[in-house]
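A quick write-up on the structure given underneath.
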Amino acid sequence: MAESPDTTLAPIGSVLRTQVGREATEPMREDIRLLGAILGETVRDQNGDTVFDLVERARVESFRVRRSEIDRADIVSLFDGIDVHQAIPVIRAFTHFALLANVAEDIHRERRRAVHEAAGEPPQDSSLAATYLKLDTANLDPDTVADALVGALVSPVITAHPTETRRRTVFDTQHRITELMRMRMHGLTRTEEGRDIETELRRHILTLWQTALIRLSRLKIQDEIETGLRYYAAAFFEVIPQVNAQVRAALQARWPDTDLLAEPILRPGSWIGGDRDGNPNVTADVVRLATGRAAFTAFAYYFGELTALEQELSMSVRLVHISDGLAALADACHEPAREDEPYRRALRVIHARLTATAQQILDEQPEHELDLGMSPYQTPAKLLDDLDVVDESLRSNGSAVLADDRLCRLRESVRVFGFHLSGLDMRQNSDVHEEVIAELFAWAGVHDDYASLSEPERVELLAAELGTRRPLVRPEADLSELARKELGIVMAAARAVHVFGPQAVPNYIISMCQSVSDMLEPAILLKEAGLLDASGDQPYAAVGIVPLFETIDDLQRGSSILEAALELPLYRALVTARGDSQEVMLGYSDSNKDGGYLAANWALYRAELDLVESARKTGIRLRLFHGRGGTVGRGGGPSYDAILAQPPGAVRGSLRLTEQGEVIAAKYAEPQIARRNLETLLAATLEATLLDTEGLGRSSEEAYAVLDDLAARAQRAYAELVHETPGFVDYFKASTPVSEIGALNIGSRPTSRKPTTQISDLRAIPWVLAWSQSRVMLPGWYGTGSAFEQWIADGDDQDARLAVLQDLYQRWPFFTTVLSNMAQVLAKSDLGLAARYSELVDDEDLRRRVFDKIADEHARTIRMHALITGQDDLLADNPALARSVFNRFPYLEPLNHLQVELLRRYRSGDEDELVQRGILLTMSGLATALRNSG
């Protein structure tokens with residue numbers, strides 16, 4: 001079939017011709033054509049010509065809409081009254097195309113990197129190779145480097161997300177298709193087993209088509225826990241140990257007299273099973289399950305690697321020399337059949353001791369156990385000691401090449417994953433802490449009405465209680481269900497720390513932290529569980545207390561709250577007990593929901609500046625945890641640019657950030673892709689720590705003043721729409737699928753913290769996801785255009801004021817990134833489709849009033865972006881996304897129209913299960929296609 005979309009019934013994967021980078025992108029388009037053609041043939045074979053013809057007609061008409069050859073109403077009529085039994089396969093077809101297009105785009109990025117490397121071009125920014133070159137030319141002082149990288153940590157923290165609903169089978173099949181396309185990229189026509197690659201692609205795409213994309217029942221936290229853990233076998237076990245070893249070696253080679261990165265810099269974390277903010281489904285049992293399953297995953301990996309090592313290290317003592325340490329380790333295994341194979345016997349001892357450890361601490365046992373009746377390891381360090389004995393023997397007897405392979409990876413794995421795999425953060429809302437502490441104090445006779453106390457009185461009472469060792473309650477205490485649950489959860493966390501090690505539960509995060517008492521209240525719970533003791537001369541704090549500043553106001557007051565806490569001798573002693581390290585989390589989502597895109601971004605930057613200054617004054621080491629989501633409205637966007645856009649001193653060797661939803665699969669589902677994304681985080685962290693990346697010099701205060709003014713104007717414009725327009729909440733609920741996000745089986749967590757209709761109580765994910773689905777993308781741009789326009793117009797010399805913004809765009813990474821990310825969002829928005837969603841609002845006056853404001857601000861923002869950047873093309877600085885938008889966005893069109901059609905039926909009382917399933921499928925499909933939608 002011909003490739004042009006003008007050709008009737010062309011393959012699903014065909015795309016429009018584009019002159020931009022035609023030669024360079026032809027291989028990607030060829031991949032898309034191949035995958036699309038196979039998908040199209042599969043649809044025809046499995047569902048017949050009628051469905052296939054409808055899919056093809058929708059595809060062709062969508063491209064005609066983009067070329068303005070037909071009106072959008074023509075494609076709308078295609079789906080008016082469509083039989084839901086036909087709608088479902090159409091939705092699935094376009095969803096699968098989006099998934100396959102993701103594969104083609106990922107493979108193309110690998111291809112382009114290989115082309116650059118083969119051509120001998122300089123390494124690309126955001127790669128570690130490019131970072132090393134920058135460090136080499138910076139003439140950095142070794143002592144300065146060593147101090148900056150004390151306690152260095154880069155930690156992507158995996159969180160649950162309602163748009164990531166794909167089942168494991170779909171995940172695994174997509175992985176296999178990616179592997180096949182990678183082989184094809186390298187010119188292969190057959191797999192290692194001799195199978196024809198194109199035939200295998202057809203087989204796997206058929207499997208994909210015949211597999212349900214999503215579950216019919218609501219996801220349980222258990223499902224989300226397993227989803228998060230799948231990335232370890234998929235990529236993390238292979239990639240993270242290698243990257244840690246390579247980065248350590250590279251830095252120590254440059255500064256050999258320093259002990260850089262004594263601990264692994266790259267260590268993943270998780271929120272799944274510990275984040276109970278607004279999620280009543282998190283219980284003590286769930287915490288035990290989350291930490292236990294994580295440990296099980298680590299042990300299962302170790303057992304498999306030890307089994308493989310025992311097969312590989314078959315050397316005979318008759319042919320090789322061994323160290324005394326290796327001989328002593330091997331002698332603990334009395335197996336005559338292996339008498340002359342000391343490495344195998346040593347590895348069996350290690351395997352048997354690790355089996356004993358698993359039997360002691362795990363609730364379930366992995367495969368490949370080896371029970372020889374040996375004693376367990378008490379800590380991962382002891383396991384590492386024995387592995388080091390094997391390593392030293394190999395290296396000292398001419399077998400370093402063997403030591404550098406699987407054994408090296410296993411040793412690095414134990415260093416980073418320990419017995420716990422990843423740290424599970426605990427999180428709860430400050431309101432819950434207040435309620436529980438009030439109840440505990442009343443029951444124990446400490447104070448009968450804690451809630452009535454002023455802030456100073458609360459702080460005094462809390463500090464006094466933390467200074468004692470007495471428990472507040474007994475196990476048989478008559479407490480409310482909430483209090484018993486919260487205490488049970490921290491007790492489960494304490495068990496995990498005791499069983500798996502202190503890294504199992506590293507942090508306790510306080511959502512909506514607004515005061516010092518908010519920071520001290522969870523400390524009382526930690527004290528009850530034995531995780532904190534501030535009563536003696538040697539304070540103990542197994543778990544760090546992490547305030548999360550979320551709203552604009554809280555971000556502005558965050559540094560003063562932190563300083564006030566550090567002025568308390570008791571709290572300062574707890575921070576000292578943790579190496580003078582204090583972590584602070586910054587909320588991108590709620591600050592955006594509170595004040596809009598520009599105001600939130602600037603409030604975050606200002607908060608970081610203030611927190612850095614507070615850390616300098618108080619002598620603590622500050623670590624910032626960025627609560628970023630996938631979409632720009634929740635802090636998303638290219639990670640490398642975002643990290644370099646941080647203010648001076650804000651990174652300092654350490655960075656934690658949340659990774660969410662479909663973004664996790666996009667970044668970490670494949671070893672090569674995972675390595676590239678993890679390298680990006682490390683490269684940016686090293687550059688932001690060791691180099692001057694702000695670029696403002698002595699003009700920083702002037703630039704800050706401009707942004708203070710712009711942010712205030714943007715917040716005003718945003719508030720006028722979101723918080724002050726009568727009926728706005730009704731408009732939002734009617735014109736987006738936000739209600740259905742909660743009503744349908746998406747995710748384990750409710751969409752609101754409280755059963756209210758207030759925007760402030762709505763969780764940030766459904767807020768952003770709903771606007772993304774309706775293609776408004778409001779959280780990623782609204783208010784910014786008005787701010788720019790008003791600021792320029794208010795000056796005597798408007799050309800000069802515009803020139804100021806143009807100069808900041810050229811010089812300041814923060815401002816450049818803000819505008820670039822906003823442009824990405826605007827490019828993904830579609831006000832024509834948004835107008836279709838607005839028709840779901842019955843009140844015509846409300847519909848016009850709100851939508852007209854949105855449309856006016858949208859046009860204004862695009863216009864101001866062009867003025868400041870000098871680019872009419874929103875994606876001039878992002879050719880990869882430009883290609884993606886060009887190639888795939890016409891395929892989103894049918895999904896949006898079908899979603900509107902099915903929402904209308906569902907809301908009018910159609911209780912057909914297929915209607916509900918169709919809505920859920922459109923949500924999943926759009927999230928997959930947009931790649932960062934929630």
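So if I check each of ASP331, ASP340, which one is of a type in the set (D, E, K, R), surrounded by fewer than 19 Cβ atoms within 10 Å (Cβ to Cβ) and touching a Lys or Arg at 6+ places or on another chain (Cβ under 6 Å)?
ASP340
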(request) Kindly indicate the residue of the stretch 700-727 that is in contact with a Leu (Cβ under 9 Å, 6 or more places away or on another chain) and loosely packed, with under 15 Cβ neighbours inside 10 Å and also nearest to GLN806 (Cα to Cα) among those meeting that condition. (result) GLU702
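Which of the residues belonging to the stretch 288-319 are of a type in the set (Ser, Thr, Tyr) and either within 28 Å of PRO502 (Cβ to Cβ) or crowded, with 23+ Cβ neighbours inside 10 Å (or both)?
Step one: of the stretch 288-319, the residues of a type in the set (Ser, Thr, Tyr) are 291, 297, 301-302, 307, 314, 316.
Residues satisfying the conditions are THR291, THR297, TYR301, TYR302.
Yes or no, residue by residue, for (1) more than 29 Å from PHE814 (Cα to Cα); (2) assigned to a helix (DSSP H, G or I); (3) touching a Gly at 6+ places or on another chain (Cβ under 9 Å):
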residue	(1), (2), (3)
LEU562	no, yes, no
ARG572	yes, yes, no
LEU586	no, no, yes
SER589	no, yes, yes
ASN601	no, yes, yes
(request) Six or more apart or on different chains, Cβ under 6 Å: which pairs go from a residue in the stretch 608-625 that's in contact (Cβ under 8 Å) with a residue 24 or more places away in the chain to one that's of a type in the set (D, E, K, R)? Could you list them? (result) SER614/GLU563; ILE620/ASP580; ARG621/ASP580; ARG623/GLU583; PHE625/GLU583; PHE625/ARG656
(message) Can you find a residue that is in a helix (DSSP H, G or I), β-branched (Val, Ile, Thr) and either modelled with pLDDT of 95 or more or not assigned by TED's automatic domain parsing to the domain that holds ASN102 (or both) anywhere in the stretch 254-273?
(response) no
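Do we find a residue being closer than 30 Å to THR861 by Cα and surrounded by 24 or more Cβ atoms within 10 Å (Cβ to Cβ) anywhere in the stretch 562-584? Please lay out each step first, then the result.
Kept after step one, since they are closer than 30 Å to THR861 by Cα, are these residues of the stretch 562-584: none.
Within the stretch 562-584 (the criterion being closer than 30 Å to THR861 by Cα and surrounded by 24 or more Cβ atoms within 10 Å (Cβ to Cβ)), the answer is no, since none of the residues qualifies.
Identify all residues within the stretch 425-481 that are hydroxyl-bearing (Ser, Thr, Tyr) and over 36 Å from the mean Cα position of the chain (by Cα); write none if there are none.
Narrowing the stretch 425-481 to residues hydroxyl-bearing (Ser, Thr, Tyr): 430, 450, 452, 454, 468, 480.
TYR450, SER452, SER454, THR468, listed by residue number.
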(request) State whether the residues of the stretch 815-832 include one that is farther than 30 Å from ALA104 by Cβ, polar (S, T, N, Q) and not assigned by TED's automatic domain parsing to the domain that holds GLY918. (result) no
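Each row is one residue, and each column tells you yes or no for (1) among the acidic types (Asp, Glu); (2) assigned by TED's automatic domain parsing to the domain that holds GLU486; (3) assigned to a strand (DSSP E or B); (4) touching a helix residue (DSSP H, G or I) at 6+ places or on another chain (Cβ under 8 Å).
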position: LYS382; (1), (2), (3), (4): no, no, no, no
position: ASP386; (1), (2), (3), (4): yes, no, no, yes
position: SER393; (1), (2), (3), (4): no, no, no, yes
position: PHE419; (1), (2), (3), (4): no, no, no, yes
(request) Kindly list the number of the only condition in (1) over 19 Å from ALA929 (Cβ atoms); (2) hydroxyl-bearing (Ser, Thr, Tyr); (3) at pLDDT 90 or above that fails for SER68. (result) (3)
(request) State whether one or more residues within the stretch 370-382 are of a type in the set (D, E, K, R) and either at pLDDT below 95 or crowded, with 20+ Cβ neighbours inside 10 Å (or both). (result) yes
(request) Restricting attention to the stretch 280-313, report how many residues are within 19 Å of GLY418 (Cβ to Cβ) and of a type in the set (Asp, Glu). (result) 1
(message) Against the definition (free of Cβ contacts under 8 Å to residues at least 40 places away in the same chain, more than 26 Å from LEU78 (Cβ to Cβ) and either basic (Lys, Arg) or not in a helix (DSSP H, G or I) (or both)), how does ALA866 come out, yes or no?
(response) no
(message) Here are the criteria: (1) in the same structural domain as ILE82 (by TED's automatic domain parsing); (2) within 28 Å of ILE70 (Cβ to Cβ); (3) among the aliphatic types (A, V, I, L, M). Tell me which single one ALA859 does not satisfy.
(response) (1)
(request) Could you check, for the stretch 493-508, whether at least one of its residues is at negative phi, of a type in the set (S, T, N, Q) and in contact with a strand residue (DSSP E or B) (Cβ under 6 Å, 6 or more places away or on another chain)? (result) yes
(request) Filter the stretch 659-687 for residues that are more than 12 Å from the chain's Cα centre (by Cα), surrounded by 24 or more Cβ atoms within 10 Å (Cβ to Cβ) and polar (S, T, N, Q) and give the result. (result) THR685
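Looking for whichever is closer than 24 Å to GLU720 by Cα and surrounded by fewer than 18 Cβ atoms within 10 Å (Cβ to Cβ) here; the options are ASP842, ASP807. Which one fits? Spell out the reasoning first.
Values: ASP807 fails: closer than 24 Å to GLU720 by Cα.
Every option except ASP842 fails the conditions.
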(message) Among the numbered criteria (1) touching an Asp or Glu at 6+ places or on another chain (Cβ under 7 Å); (2) surrounded by fewer than 23 Cβ atoms within 10 Å (Cβ to Cβ), which one does LEU410 miss?
(response) (2)
(message) Filter the stretch 869-914 down to the residues that are of a type in the set (A, V, I, L, M), surrounded by fewer than 18 Cβ atoms within 10 Å (Cβ to Cβ) and modelled with pLDDT of 85 or more and list them by number.
(response) LEU914
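Of all residues in the stretch 169-222, which are β-branched (Val, Ile, Thr), touching a residue at least 24 places away in the same chain (Cβ under 8 Å) and in a helix (DSSP H, G or I)?
Residues of the stretch 169-222 β-branched (Val, Ile, Thr): 169-170, 173, 177-178, 189, 191, 197, 199, 205, 207, 211, 214, 221.
Retained after the next criterion (residues that are touching a residue at least 24 places away in the same chain (Cβ under 8 Å)): 169-170, 173, 177-178, 205, 207, 211, 214, 221.
Within the stretch 169-222, THR169, VAL170, THR173, ILE177, THR178, ILE205, THR207, ILE221 meet the criteria.
The values are calculated or read from the model by the stated rules, or taken from the named source; none is laboratory data. Keep in mind the model is a prediction, meaning the values are calculated, not measured. All Cβ positions, glycine included, derive from the backbone under ideal geometry; neighbour counts span all protein chains shown.
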